[in-house]
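The values are calculated or read from the model by the stated rules, or taken from the named source; none is laboratory data. Being a predicted model, the structure only gives us computed values, none of them experimental. Cβ coordinates were reconstructed from backbone atoms using ideal geometry, including for glycine residues, and neighbour counts include every protein chain displayed. Accessible surface areas use protein heavy atoms only, side chains included; no ligands, DNA or RNA. Shrake-Rupley method; radii C 1.70, N 1.55, O 1.52, S 1.80 Å.
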Amino acid sequence: MKYTAATSALALGLTLAAPALAEVESQDPIRLTTHDWTGQIVNTTILGEILKKAGYNVELVQADYIAQFAGLKTGDLHVATEIWETTGREAMDEATATGNVVNLGESGMKAIEEWWYPAYMEERCPGLPDWKALNDCAQEFATSETAPLGRYLGGPVTWGGFDEERVESLGLDFEVVHAGTDAALFAELESAYQREAPIVLWIYSPHWSTVKYDGSYVEFPPYTPECYDDPSWGTNPDMAYDCAKPTGPIWKVAWAGVEEKWPGAAEIIRNYTLSNDEMGALVAAVDLDGESIEDAAAGWMEENADKVDGWIN
């Protein structure tokens, strides 16, 4: 999840309008939400370009990852391309239960979001990847601001994830410090990795970081729905979230009115997918190679022209 300067124009709400190439149900803009990480913005930009090629009027609107459901329920926002099973399932289920938001299926990508550490930390904390080793090594991960507690570098607060709840429920001697942006999160990882400095932080996949850097996810007690819903489950009988984060699909959701107002667009959105490998390559092109969001999306469109035409037709 990364926000870069290249995305700033999109974050302001860029209208992607083009002469209609086919007759469509309405030229009212379909508002697609963008968030604060590169992959999601590239993903949404590609979908916008596909819908534009089909003749639709598209507007990209910056929105908070979880708070966007309020706009999706009212129809002020129309489509969200990435709701991660790892962090967004509860909000998605609540929204779809109202009948005002619909699940348009899997995005094709599978989500992992978990605590991660570089491989060199296993020498300093030999019990890893077992989560119980973290308390034995908390001072290894401490900073001047958190000592004697270790520091866990979380993602931006808007990403959710229940990290503070997990630290408390598992009795971890760590303080959660949130990175302000996705870019700041990975800049700190890069700095620590180059110096072999202690760090444990939020890493997610699909993303280039798990390919570029050698490391492992911390192994927490396996996730079950009961861990989140029933405090009596798990190692702490008084608190929930004493387990790993869930893994699973990344979903596409929409205001329920999309299927009635733009049925052709809804069908395209249902069919549109990206793989983890495709997403990793797109994010690497932007974040590592300096390619613009627009150029990365255009390159993907060119390489997948037959697939795009199949979705449209």
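Could you work out how far helix 293-303 tilts from the main Cα principal axis of the chain, as a 0 to 90 degree angle to the nearest 10? Here the helix axis deviates by roughly 70 degrees. Taking amide hydrogens as placed 1.01 Å from N in the peptide plane, the amide H of Y241 sits under 5 Å from those of Y228, each at least 5 positions away in sequence or on another chain.
Between T224 and R124, what FRET efficiency comes out of the Förster formula 1/(1 + (r/R0)^6) with R0 = 35 Å and r the beta carbon distance, rounded to 0.05?
Working: r = 31 Å, r/R0 = 0.90.
Computed FRET efficiency for R124 and T224: 0.65.
For the range 111-229, the solvent-accessible area with a 1.4 angstrom probe is 42 square angstrom per residue. One decimal place: the segment D238-D64 gains 59.5 nm when fully extended, by the rule 0.36 nm per residue minus the C-alpha distance.
Roughly what % antiparallel, to the nearest 5, for the DSSP beta bridges in the chain?
Numbers: 21 of 34 bridges.
Once the DSSP bridges in the chain are tallied, antiparallel ones form about 60 percent.
Between V253, V177, V42, the Gaussian network model of the chain with springs among Cα atoms under 10 angstrom shows the greatest mean-square fluctuation at V177. Report the residue, chosen from R124, R270, R195, that carries the largest GNM mean-square fluctuation when the chain is represented by alpha-carbon nodes joined by springs under 10 Å. Residue with maximal mean-square fluctuation among R124, R270, R195: R195. Helix 38-53 and the longest principal axis of the C-alpha atoms of the chain enclose an angle of approximately 10°. Rg over Rh for the range 111-229 works out to 0.93, using Cα positions for both radii and the Kirkwood form for Rh.
Nonpolar atom fraction for the range 111-229, defined as the carbon and sulfur part of the 1.4 Å probe accessible area, stands at 50 percent.
Across the range 304-313, rounded Karplus estimates of 3J(HN,Hα) from the backbone phi angles (6.51 cos²θ - 1.76 cosθ + 1.60, θ = phi - 60°) give 10, 4, 5, 5, 4, 4, x, 5, 6, 9 Hz, Gly and Pro being marked x. Database remark: amide H of W84 closer than 5 angstrom to the amide H of W251 (H placed geometrically; neighbours at sequence offset of 5 or more, or on other chains; Pro and chain starts carry no H). Here the Karplus curve 6.51 cos²θ - 1.76 cosθ + 1.60, taken at θ = phi - 60°, turns the phi angles of the range 102-119 into couplings of 10, 8, 9, x, 6, 7, x, 9, 10, 9, 10, 9, 7, 5, 9, 9, x, 4 Hz, with x standing for Gly and Pro. In percent, rounded to a whole number, the relative contact order of the chain is 26, using alpha-carbon pairs under 8 Å and six or more apart. When the chain is treated as a GNM with alpha-carbon contacts under 10 Å, the residue of E59, E85, E23 showing the greatest mean-square fluctuation is E23. Taken about its Cα centre, the range 111-229 carries a charge dipole of roughly 300 debye when the Cβ of each Lys and Arg holds +1 and the Cβ of each Asp and Glu holds -1. Take the cross-link list K110/K212; K132/K245; K52/K212; K261/K307; K245/K307 and give me the ones stretching past 28 Å between alpha-carbons. Beyond 28 Å between Cα atoms: K52/K212; K245/K307.
What is the helix-to-structure angle for 276-287, meaning the angle in degrees between its Cα long axis and the longest Cα principal axis of the chain, kept from 0 to 90 and rounded to the nearest 10? Tilt of helix 276-287: around 90 degrees. Direction-averaged projected area, Cα convex hull, the chain: 15.9 nm², rounded to one decimal. Shape verdict for the range 196-313, please, from the Cα gyration tensor: rounded (a/c under 1.5), prolate (a/b greater than b/c) or oblate. Oblate, because a/c is 1.5 or more while a/b does not exceed b/c.
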